[in-house]
Amino acid sequence: MSAAATEPQAALELCGIPLRHPVLNGSGTFDAIAARRAFGDALLERFPFAAFVSKTITPKPRAGNPPPRLYETPSGMINSIGLPNKGLAGFLEHDLPPLAELPVPLIVSVMGTSREEFSELVEGVASRDAVAGIELNVSCPNVKSGLIVGEQPSETLALLEALRGLSAKPLIVKLTPNTADPAAVAVAAEEGGADAVSLINTVRASAVAPGGSEPWLGAGSGGLSGPAVRPIALDQVRRVAEAVSIAVIGMGGIETGAHAREFLAAGATAVAVGTASFRDPLAGDRVRRELIEPGANVG
Ligand SMILES: Cc1cc2nc3c(=O)[nH]c(=O)nc-3n(C[C@H](O)[C@H](O)[C@H](O)COP(=O)(O)O)c2cc1C
């Protein structure tokens, strides 16, 4: 690929969503409502991302997994947060209004355990003007088949076929890395009418309590993120980008503009910063600067 082809664009369009730059947040890794409380309107003036992806919501409220929910690994972190959220109605009533005030397009992440649940979520959020796009978190079992939707091309295709007609808004499928052939799942998502795919979600992982033999995490296992997963993410983004013609959002361990550039060179249209935002809430802004501002320190 020529240098010109990999040159990041300052402003771009992601499946019809206008972006001022290519850096988004990974779902569940930046609490914009809490950040607004902490930083006030300064957050809006210097919002670190070109679009905001909400944490995943489910039809009914969820408390999340029992603690402990985090474990630090060499160059990474395992989490078993378990998608705590207010449920669809709670999200629409309490979270959507403040998220609609953000100065960037809003993408809402949703997860159901059946086509019916996904349909309820897509219809519920798509009807709101403030929502620019919907990300489908498919790293969950279908209660009917017992299969993880995003691990199976056939399940992913069937889900998209059920959802595509419900909204003209962009549907982004968040791919799991925990499958032998993520490109086959991405192709199925495209066939079903997805407008983009995003990857990677966390890599399935476990930890043992220090000095013991019991699992450390309350849920038994969790998902690995951070720099440790970056080479896996880069490989999967490249394979997926070669297999589909829809847009690809690349993420997994991105901490610098140089890392973001690698994902764009691998075929991503945009990138997302996840775990890095926990250490530095402005990591996304730094990644953007290093990526697109000439002369910025490219780490
Ligand atoms: C604490 C935590 C919570 C997350 N919550 C979600 C979520 O709600 N929905 C989702 O699709 N991905 C979730 N993710 C996955 C991230 O969006 C991202 O795909 C993954 O962490 C890889 O990127 P990173 O290495 O930059 O963090 C979460 C990750 C972490 C670390």
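The values are calculated or read from the model by the stated rules, or taken from the named source; none is laboratory data. From a predicted model like this one, the values you see are computed outputs, not experimental measurements. Cβ atoms come from the backbone with ideal geometry, glycine included; neighbour counts cover every protein chain shown. Protein only, heavy atoms only, side chains kept; ligands, DNA and RNA dropped before computing areas. Shrake-Rupley method; radii C 1.70, N 1.55, O 1.52, S 1.80 Å.
Would a scan of the range 208-221 turn up a residue that is within 14 Å of the ligand (Cβ to nearest atom), within 30 Å of Ala270 (Cα to Cα) and open to solvent by less than 40 Å² (accessible area, probe 1.4 Å)? The answer is no; no qualifying residue exists. Of everything in the range 196-207, what is more than 10 Å from the ligand (Cβ to nearest atom) and either surrounded by fewer than 24 Cβ atoms within 10 Å (Cβ to Cβ) or farther than 26 Å from Ala270 by Cα (or both)? Give them in sequence order. Within the range 196-207, Arg204, Ala205, Ser206, Ala207 meet the criteria.
Looking only at residues in the range 96-105 that are open to solvent by less than 20 Å² (accessible area, probe 1.4 Å) and either touching a Gly at 6+ places or on another chain (Cβ under 8 Å) or assigned to a helix (DSSP H, G or I) (or both), the one that is farthest from Arg37 (Cα to Cα) is Leu96.
Quick check, is Arg289 surrounded by 20 or more Cβ atoms within 10 Å (Cβ to Cβ) and either closer than 23 Å to Val104 by Cβ or of a type in the set (Phe, Trp, Tyr) (or both)? Considered against the rule, which asks whether it is surrounded by 20 or more Cβ atoms within 10 Å (Cβ to Cβ) and either closer than 23 Å to Val104 by Cβ or of a type in the set (Phe, Trp, Tyr) (or both), Arg289 comes out as no. Screening Thr156 on (1) in a helix (DSSP H, G or I); (2) more than 19 Å from Val237 (Cβ to Cβ) shows it passes everything except condition (2). Determine whether Glu13 is assigned to a strand (DSSP E or B) and among the acidic types (Asp, Glu). Considered against the rule, which asks whether it is assigned to a strand (DSSP E or B) and among the acidic types (Asp, Glu), Glu13 comes out as yes.
Would you point out the residue of the range 10-31, among those that are in contact (Cβ under 8 Å) with a residue 24 or more places away in the chain, within 20 Å of Glu293 (Cα to Cα) and open to solvent by 10 Å² or more (accessible area, probe 1.4 Å), that is farthest from the chain's Cα centre (by Cα)? Per the stated criteria, the residue is Ala10. Scan the range 110-118 and tell me whether some residue there is surrounded by fewer than 22 Cβ atoms within 10 Å (Cβ to Cβ), within 21 Å of Phe278 (Cβ to Cβ) and out of contact with any Ser or Thr (no Cβ under 6 Å at 6 or more places or on another chain). No; the residues of the range 110-118 include none that is surrounded by fewer than 22 Cβ atoms within 10 Å (Cβ to Cβ), within 21 Å of Phe278 (Cβ to Cβ) and out of contact with any Ser or Thr (no Cβ under 6 Å at 6 or more places or on another chain).
Yes/no matrix, rows are residues, columns are (1) open to solvent by 80 Å² or more (accessible area, probe 1.4 Å); (2) modelled with pLDDT under 95:
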position	(1), (2)
Ile33	no, no
Phe39	yes, yes
Ala51	no, no
Thr56	no, no
Lys60	yes, no
Ile78	no, no
